[in-house]
Amino acid sequence: MAASGTVAIDMHCHVFSPSAKTLMDKHYAAEEILTPDRDPYMFYAHPASMAVDNENIPSLVPKMVDLKPREADMDSTRVDIQIVSPVPIQFYYWADPELGNELARVQNDDVSQLVAGNPDRFAAMGTLPMQDAAASVAEMRRAVKELDIRAFILSTNVDGVELSDERFDPIYAEAVKLDVPLFLHPFGFTDGARLRPFFMHNCVGQPLEEQIAITHLIFGGVLDRHPDIKICIAHGGGYFPYYAGRMDHSWEYRPELRDKISRPPSEYLSQLYYDTVVFRPDQLEYLVNMVGVDRVMMGTDYPFDMQEFEPVAFVESATKFGDAERKKILGGTVAGIMGIG
């Protein structure tokens, strides 16, 4: 447990659904999936990065399909609770709507069953068949009411459609009605041809995806149409919070940017939530200063090698935070918005 009796909650962890893989294997061969529009992360990965990923698979699999092996890691890093979500490789938004709905259902069933074995240490985040808004609304209701799902993970775009598209408004409205957060997590970068070397498809491309997604949410009017929605952006919000001044300047001097919003874009940043996966304490301090301490929640990206390995110690290393601020970041805020504890 973190200092001062604070319950430390990691809101950014992943699991893999064997049921969804079995279902996909019935419909598609592996080579049919590895295309830039279906699997940009793997498609744009450099062979050197692919080799490292393949080397990591044997150590990852036991922790991706069973939560028991995680507990020693959680104990050693003082993490009390993990909120586990389906891994982005299993979004499958490009599948036909009927199959997409079935895939979302089996993933939600799997993650719910995983956490049921130890509800004191784990809670579930689900997924949605975003290619079908009506099916997403129905699955959201089922998952919340029958499976005790606390939030839903979404990609930063849906098979090439931006999240600002009004077809998704019924999903956002239902999330507000059910009072469940949405967690935006990219799956590679959708146009990553230049990002193959040096692991850039991940370390540069994913924060760029988050920048683009936030831009669409703000300038596309989503946060005005749904002011009470709770959306968390992975990896500290990507690049947007750290270069918001340019967006404000553009909004001030370019009339086409004021078509749907009447406030500077930086003012919308405090309507969103962010995890702490930024790796530098001064960057975390900047993020909190920009968006407010009530908007930042501890996360890791467990169990991948891009995780923050010592999340509690990382938050504690930010010297500008007092005990009350650390308590919110370590678990207080996420417990409040996801009904934990």
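For region 3-338, the Cβ-based charge dipole about the Cα centre amounts to some 520 debye (Lys, Arg positive; Asp, Glu negative; other atoms uncharged).
A Stokes-Einstein calculation at 37 °C with viscosity 0.692 mPa s, built on the Kirkwood radius of region 179-330 over Cα pairs, returns a diffusion coefficient of 203 µm²/s. For Lys320, the aspartates and glutamates whose Cα comes closer than 16 Å to its Cα, not counting residues fewer than 8 places off in the same chain, are Asp282, Glu285, Asp294. Among the helices of the chain, those built from whole DSSP H runs whose Cα atoms reach 24 Å or more along their own axis and whose mean Kyte-Doolittle hydropathy is at least 0.0 are 47-65. Each Lys and Arg adds +1 at its Cβ and each Asp and Glu adds -1 at its Cβ; summed about the Cα centre, region 292-331 shows a dipole of about 240 debye. Assuming charge only on the beta carbon of Lys and Arg (+1) and of Asp and Glu (-1), the dipole of region 15-174 about its Cα centre is about 500 debye to the nearest 20. Listed by chain and number, the lysines placed with their C-alpha closer than 24 angstrom to that of Lys21 are Lys63, Lys68; residues fewer than eight positions away on the same chain are left out. When the C-alpha to C-alpha distance is required to be over 32 Å, the pairs from Lys145/Lys260; Lys177/Lys328; Lys26/Lys260 that qualify are Lys145/Lys260; Lys26/Lys260. Each 20 Å bin, from zero up to the one with the longest distance, holds this percent of the alpha carbon pairs of region 3-338: 32, 62, 6.
Comparing Tyr172, Thr156, Asn101 along the charge dipole axis of the chain, the residue lying farthest to the positive side is Tyr172, per the Cβ-charge model. Label point of Gln283 set 7 angstrom out along Cα-Cβ; within region 310-338, amide nitrogens under 17 Å from it belong to 310-319. Comparing Gln90, Gln113, Gln211 in a Gaussian network model of the chain (Cα springs below 10 Å), the most mobile by mean-square fluctuation is Gln113. Pairs of C-alpha atoms in region 1-134 farther apart than 24 Å represent 38 percent of all such pairs. Within region 172-196, name every residue whose backbone N is under 20 Å away from a label modeled 7 Å from Cα of His27 along the Cβ vector. The answer is 187, whose backbone nitrogens lie closer than 20 Å to the label point. Comparing His249, His12, His235 in a Gaussian network model of the chain (Cα springs below 10 Å), the most mobile by mean-square fluctuation is His249.
Any read-out appearing in this document is the output of simple, stated calculations on the displayed coordinates, not a laboratory observation. Note that the structure is predicted; figures quoted are calculated from it, not measured. Backbone-built Cβ (ideal geometry, glycine too); neighbour counts: all protein chains shown.
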